[in-house]
1. Mind checking which residues of segment 309-336 are in contact with a helix residue (DSSP H, G or I) (Cβ under 9 Å, 6 or more places away or on another chain) and more than 15 Å from L381 (Cα to Cα)?
2. So R147 ticks every box in (1) over 21 Å from I257 (Cβ atoms); (2) out of contact with any helix residue (DSSP H, G or I) (no Cβ under 9 Å at 6 or more places or on another chain) but one. Which box is left unticked?
3. Among the residues of segment 36-56, is any of a type in the set (D, E, K, R) and within 16 Å of ligand 3 (Cβ to nearest atom)?
4. Restricting to segment 370-396, and then to whatever is out of contact with any Ser or Thr (no Cβ under 9 Å at 6 or more places or on another chain) and among the polar types (S, T, N, Q), can you tell me which residue is surrounded by the most Cβ atoms within 10 Å (Cβ to Cβ)?
5. Any idea how many residues of segment 60-106 are touching a His at 6+ places or on another chain (Cβ under 6 Å) and either among the small types (G, A, S) or closer than 13 Å to V47 by Cβ (or both)?
6. For segment 120-154, name all the residues that are surrounded by fewer than 21 Cβ atoms within 10 Å (Cβ to Cβ), basic (K, R), out of contact with any strand residue (DSSP E or B) (no Cβ under 9 Å at 6 or more places or on another chain) and not in a helix (DSSP H, G or I).
7. Starting from segment 27-42, take each residue that is farther than 18 Å from F58 by Cα and list its partners that are more than 8 Å from ligand 1 (Cβ to nearest atom) and polar (S, T, N, Q), counting only C-beta distances under 8 angstrom and pairs at least six apart or across chains.
8. Can you name every residue in segment 352-369 that is in a loop (DSSP other than H, G, I, E, B) and touching a Ser or Thr at 6+ places or on another chain (Cβ under 9 Å)?
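Readers should treat all values here as calculations from the given coordinates under stated rules, not as data from a laboratory. Because the structure is predicted, anything quoted here is derived from the model rather than measured. Glycine also receives a Cβ, built like all others from the backbone with ideal geometry; neighbour counts cover every protein chain displayed.
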Amino acid sequence: SYRKGGYHAVRVGDSFAAARFISQRKLGWGQFSTVWLAYDTQTSKYVALKIQKSAPEFVQAAVHEIEILSAITENDPKNEKCVVQLVDHFKHRGPNGQHLCMVLEYLGDSILHLIRYNRYKGLDLIKVREICKCILTGLNYLHRELRIIHTDLKPENILLISTVNPSKDPIRSKTTPILERPEGSLAGGGAVNVIEKKLKQRARRAVAKIAAERRGVIGGCAPEVKPERCLDGIDFRCKIVDLGNACWADKLIAEEIQTRQYRAPEVILQSGYSFPVDMWSFACTAFELATGEMMFAPKPGPGFSEDEDHLALMMELLGKMPKKIATGGGRSKDYFDRHGDLKRIRRLKHSSISRLLVDKFKFPETDAREFAEFLNPILDLDPEKRPTAQQCLQHPWLRQTAAKTVAGKSNLVG
Ligand code: ATP
Ligand code: MG
Ligand code: MG
């Protein structure tokens with residue numbers, strides 16, 4: 001992907017936007033971009049630099065993402081709504097073309113990493129609650145105030161907020177030699193070029209060394225940080241990121257949305273969608289946080305497709321598909337007969353969320369019942385019946401105090 005139209009190759013110490021930003025280390029990547037930790041020499045803060053691939057379709061996607069991120073940032077001046085903010089954006093020309101770059105506030109590790117660090121055993125319910133409150137705050141903001149549907153909510157797209165103030169980091173002075181020279185000055189020839197090259201090399205090495213020392217300090221839960229650190233405190237705050245697939249509710253873009261395991265039934269059946277698709281993904285995410293396992297992991301089988309297995313898994317856990325839903329979508333006839341039963345998967349093994357939590361995940365009965373009471377309405381197969389983010393925020397399960405949870409011995413993890 002590092003070719004014309006693709007990713008821009010970045011090295012530690014590279015400068016961007018007339019040397020305002022200096023790349024420090026790679027934070028992650030996706031289908032559209034690579035994301036780098038960068039030092040902002042203007043504000044002396046760390047930022048995340050999302051450098052988009054350069055082909056026209058990626059540029060267009062970035063323009064859309066910037067539009068959405070701008071609305072999010074402008075309407076949340078206090079930065080308290082649990083959605084990532086856009087600091088700036090600019091173009092960067094490289095060997096593979098012109099790349100749109102988004103400067104985002106720097107966040108920590110994703111909650112998917114948190115689940116992995118915990119060896120897929122699930123986080124204790126105190127932490128799950130805190131994370132749920134943040135996600136719901138973010139969704140309530142996106143949905144009610146901005147009329148934006150995220151369409152790709154999942155653990156990977158929820159990032160923890162770094163707890164350490166990175167502006168105290170001395171990395172700036174070490175990088176000064178290459179920071180404050182105008183771009184293009186390396187193009188000179190002869191001895192100057194050699195000296196500059198050496199300077200640049202030395203600065204890069206210094207940056208790398210300091211970055212290595214600092215791991216575990218900056219970013220709070222950066223991938224290199226030992227998992228125990230992430231699992232200690234209970235002040236778990238996080239933000240929703242990756243608005244690349246988000247859309248305005250009155251201007252839907254794609255028909256097939258959401259990552260498979262977090263996809264709502266109305267999307268599979270193509271019966272139209274809106275905000276409730278995010279609520280569905282939220283419930284799947286909350287379940288995964290608490291158990292360490294995906295709520296639905298459909299697979300195709302002999303004589304049935306992945307979609308059909310997915311619908312079967314939903315019905316096994318949540319009950320019969322309401323007739324209106326089973327027959328009303330563009331793809332309903334492919335999967336359901338006129339009674340609302342699946343055509344090709346006849347025998348379903350009925351269970352319930354609370355039974356699953358007790359039997360498979362060894363939750364204490366009370367915890368299982370209460371968590372299931374929170375999740376079940378959000379997983380209503382009828383999207384119109386699902387509660388909104390605002391309504392979920394009022395749910396008694398989120399208001400439970402830590403004391404009660406501890407007394408109820410809800411810690412799955414030691
Ligand atoms: P996708 O294929 O998921 O759409 P993408 O190219 O749109 O990917 P993002 O998902 O936005 O890119 O970012 C890729 C990764 O970079 C994230 O999964 C995360 O690890 C990291 N990342 C993104 N934004 C930030 C941020 N603000 N702070 C820290 N890390 C970030
Ligand atoms: Mg992503
Ligand atoms: Mg994206």
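1. Within segment 309-336, R331, K333, D334, Y335 qualify.
2. If we test R147 against (1) over 21 Å from I257 (Cβ atoms); (2) out of contact with any helix residue (DSSP H, G or I) (no Cβ under 9 Å at 6 or more places or on another chain), just (1) comes out false.
3. Scanning segment 36-56 turns up at least one residue that is of a type in the set (D, E, K, R) and within 16 Å of ligand 3 (Cβ to nearest atom).
4. Taking the candidates together, the pick is T388.
5. 3
6. Answer for segment 120-154, where residues must be surrounded by fewer than 21 Cβ atoms within 10 Å (Cβ to Cβ), basic (K, R), out of contact with any strand residue (DSSP E or B) (no Cβ under 9 Å at 6 or more places or on another chain) and not in a helix (DSSP H, G or I): just K121.
7. L37/S23; L37/Q24; A38/S23; A38/Q24; Y39/Q24; Y39/T175
8. K360, F361, F363, P364
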